[in-house]
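Engineer: Please see the structure below; I have some questions.
The values are calculated or read from the model by the stated rules, or taken from the named source; none is laboratory data. All values derive from a computational prediction rather than experimental measurement. Cβ placement follows ideal geometry from the backbone for every residue including glycine, while neighbour counts extend to all protein chains displayed. What goes into the accessible areas is simple: the full protein's heavy atoms, side chains included, and nothing from ligands, DNA or RNA. Shrake-Rupley method; radii C 1.70, N 1.55, O 1.52, S 1.80 Å.
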Amino acid sequence: MVENTNGCGEQRTVSRRTALAAVGAAGFGLTAGCLDELQGDGDWPSRSVEVVAPWSAGGGADRTSRQIAEVAESHTDVSWNVSNQTGGSGSVGMNAVATSDPDGHTLGCTAPEIAMFEHRDIEDLGPDDITPIMQYTEMPATLVVHEDNDDIDSLDDWIAYAEDNPGELQMANSGTGSSWHLAAAGIADEAGVEVEHISYDGASDAMSHVINGEADCTAVGAAEAAPQVHDGELQALGVAFEEPADALPDVETLADQGLDIEIGSWLGHFAPGDVDDETRDEIVDVYESVFEDEEFEEFMDNNDFMLVQRGPDEFADFLDEQYEYYGDLIDDLDI
């Protein structure tokens, strides 16, 4: 499905199946139109751009940010670099960007955590402290265990084991108060089981500890888990989405197996909160061109990331909604 594709700044949702088709003749026309806008007399970018990924290398935030940086270089005359600044469930990296010089040369990746920090008393940092640029994907949560787990071979096994061993099932997450921590807690709560939540520096790190046998399970994005599931290191027990995810088409939804929950994460990029409107608009122009670029579309398609576009204004409204949603969820789960 493609919605509102008329122009460079409108919200657009593209399924994996139609992503490449959307870059036909009309798609290249849009790209050319956006590129024309980049020929203005603005001062940005005047030097290299740094994008901060607030979680460890190998996860969805890191991989997509590196692809955005690579494509953005072809739409600007400067280099784009990605750094990983981990810690505090993403708050360390996001805060570093939010408080950086607001000249637009330091950008960051954000996720639902930006709507959670204040509710969790992790950091005095929320949607009002950043300048939204663009949301570009969303990721349904997937519950996974080690492929060779002798006790758990299905969602029913996972629930039964947790019921028989309350508090002993170790569930890795990408950081205390992170979106995947909330997803894991929500799944466990819906299943009515007690687990031990163990925090690591990102989804990739959490999966590694399950693969290494240092944790029993985790809940991460379907696209993030797919390579390890396909390689046979992890087994997916269910996807917290309304329908099977394109990344794991043979994995049933949790709802179809009796757990009525849909939860996950999303990714977007932002600038410091005090960036001026002209600089923001110049950054947005580049991101719109990146989103329409065939190379970016192919990367997202090949890696099973859903394409979901929200421009700065829609992204800002979405962040406000997320702030309220996660505030209520954190209260309900007493996290």
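Engineer: As I understand it, the value is the acute angle between the Cα axis of helix 25-37 and the longest principal axis of the Cα atoms of the chain; what does it come to in degrees, rounded to 10?
Structural biologist: Its long axis makes an angle of about 60 degrees.
Engineer: Top mean-square fluctuation among GLU297, GLU113, GLU73, Gaussian network model of the chain, C-alpha springs under 10 Å?
Structural biologist: Maximum fluctuation in the GNM of the chain, among the listed residues, is at GLU73.
Engineer: Just add up the charged neighbours of GLN170: K/R +1, D/E -1, any other residue whose Cβ is under 11 Å from the Cβ of GLN170.
Structural biologist: Charge balance near GLN170 sits at -4.
Engineer: Give me the one-decimal nm value for the distance between modelled label points at ASP43 and ASP313, 7 Å along each residue's Cα-to-Cβ direction.
Structural biologist: It is 2.7 nm.
Engineer: Moving on to the next point. Taking the Cα atoms only, what angle lies between the long axis of helix 312-333 and the longest principal axis of the chain, rounded to 10 degrees?
Structural biologist: 20 degrees
Engineer: For a protection proxy built on the mean count of beta-carbon atoms within 10 angstrom, sort 56-64, 117-125, 92-100, 320-328 highest first, please.
Structural biologist: 56-64, 92-100, 117-125, 320-328
Engineer: Another question, if that's okay. What does the accessible area per residue of segment 228-295 come to in Å², with a 1.4 Å probe and no ligands, DNA or RNA counted?
Structural biologist: Spelled out: the 1.4 Å probe surface of segment 228-295, per residue, equals 40 Å².
Engineer: Using a 1.4 Å probe and ignoring any ligands, DNA or RNA, find the accessible area of SER174 and quote it in Å² to the nearest 10.
Structural biologist: 10 Å²
Engineer: Using the Cα centre of the chain as origin and beta-carbon charges of +1 (Lys, Arg) and -1 (Asp, Glu), tell me which of ILE68, ALA225, ALA271 is placed farthest towards the positive end of the dipole.
Structural biologist: My answer, from the dipole projection, is ILE68.
Engineer: Would you please put 159-166, 198-205 in order of how densely packed they are, using the mean number of other Cβ atoms within 10 angstrom per residue and starting with the highest? It would help to have the intermediate numbers written out before the result.
Structural biologist: Working: 159-166: 15.4, 198-205: 22.8.
Packing proxy ranking, top to bottom: 198-205, 159-166.
Engineer: Taking Cα centroids, how far is segment 125-153 from segment 49-113 in Å?
Structural biologist: 17 Å
Engineer: In segment 106-264, what % of DSSP beta bridges are antiparallel (nearest 5)? Kindly include the intermediate steps, with their values, before the conclusion.
Structural biologist: Values: 12 of 19 bridges.
Antiparallel bridges make up about 65 percent of those DSSP assigns within segment 106-264.
Engineer: Quick one: compute a quarter of the convex hull surface over the Cα atoms of segment 256-333 and quote it in nm².
Structural biologist: Reported value for the Cα convex hull: 7.7 nm².
Engineer: How high is the relative contact order of segment 146-256, given as a whole-number percent (alpha carbon pairs under 8 Å, six or more residues apart)?
Structural biologist: Relative contact order here is 26 percent.
Engineer: Give, as a single signed number, the net charge of other residues whose beta carbon lies under 12 Å from the beta carbon of ALA53, with Lys and Arg counted +1 and Asp and Glu -1. The partial results should precede the final answer.
Structural biologist: Working: positive: ARG63, ARG66; negative: GLU50, ASP62, ASP201.
Net charge in that neighbourhood comes out at -1.
Engineer: Under the rule a/c < 1.5 gives rounded, and otherwise a/b versus b/c splits prolate from oblate, where does segment 50-188 land using the Cα gyration tensor?
Structural biologist: Prolate, because a/c is 1.5 or more and a/b exceeds b/c.
Engineer: Would you mind telling me the antiparallel percentage of the DSSP bridges in the chain, rounded to 5?
Structural biologist: Bridges in the chain are about 65 percent antiparallel.
Engineer: Still on this model: Just the C-alpha atoms of the chain: what Rg/Rh do they give, with Rh taken as the Kirkwood radius?
Structural biologist: Rounded to two decimals, Rg/Rh equals 0.98.
Engineer: Please determine, in degrees from 0 to 90 and to the nearest 10, the orientation of helix 155-164 with respect to the longest principal axis defined by the Cα atoms of the chain, where the helix direction is its Cα long axis.
Structural biologist: 50 degrees
Engineer: Quick check for me: using +1 on Lys/Arg Cβ and -1 on Asp/Glu Cβ, what's the dipole size of the chain about its Cα centre, in debye to the nearest 20?
Structural biologist: Details: 9 positive and 76 negative charges, 158 e Å.
Around 760 debye, computed over the chain.
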